[in-house]
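Undergrad: Could you have a look at this structure, given as C-alpha cells, before my questions?
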Amino acid sequence: MPGLRLLSTFIGQTFALWAIVFAIAGFSAPQVFTPFKQALTA
C-alpha cells in the first residue's frame with residue numbers, strides 16, 4: 001500500500017523535526033521540560 005508507506009515516511013520526517021524542536025526547547029528552557037522528562041522516563 002503506497003499510502004501507508006507515504007504516511008510512515010511523513011511520520012518519520014515530522015518525528016525528526018519534533019525531536020529537534022523538543023531538543024532545542026529543552027536546552028532553552030529545561031525547567032519547563034523537567035516534568036515531561038520525568039514522566040517519559042518513569
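Every number here is computed from the coordinates shown, using simple stated rules; none is lab data. Quick caveat, the model's predicted, so the values are computed rather than measured. With ideal geometry, Cβ positions are generated from the backbone for all residues, glycine too; neighbour counts draw on all protein chains shown.
Undergrad: Taking the Cα of ILE11, stepping 7 Å toward and past its beta carbon, and measuring to each backbone N in the range 19-42: which are under 18 Å?
TA: Flagged as within label range: 19-20.
Undergrad: By how many degrees, between 0 and 90 and to the nearest 10, does the Cα long axis of helix 2-28 differ from the longest principal axis of the chain?
TA: For helix 2-28, the angle is close to 20 degrees.
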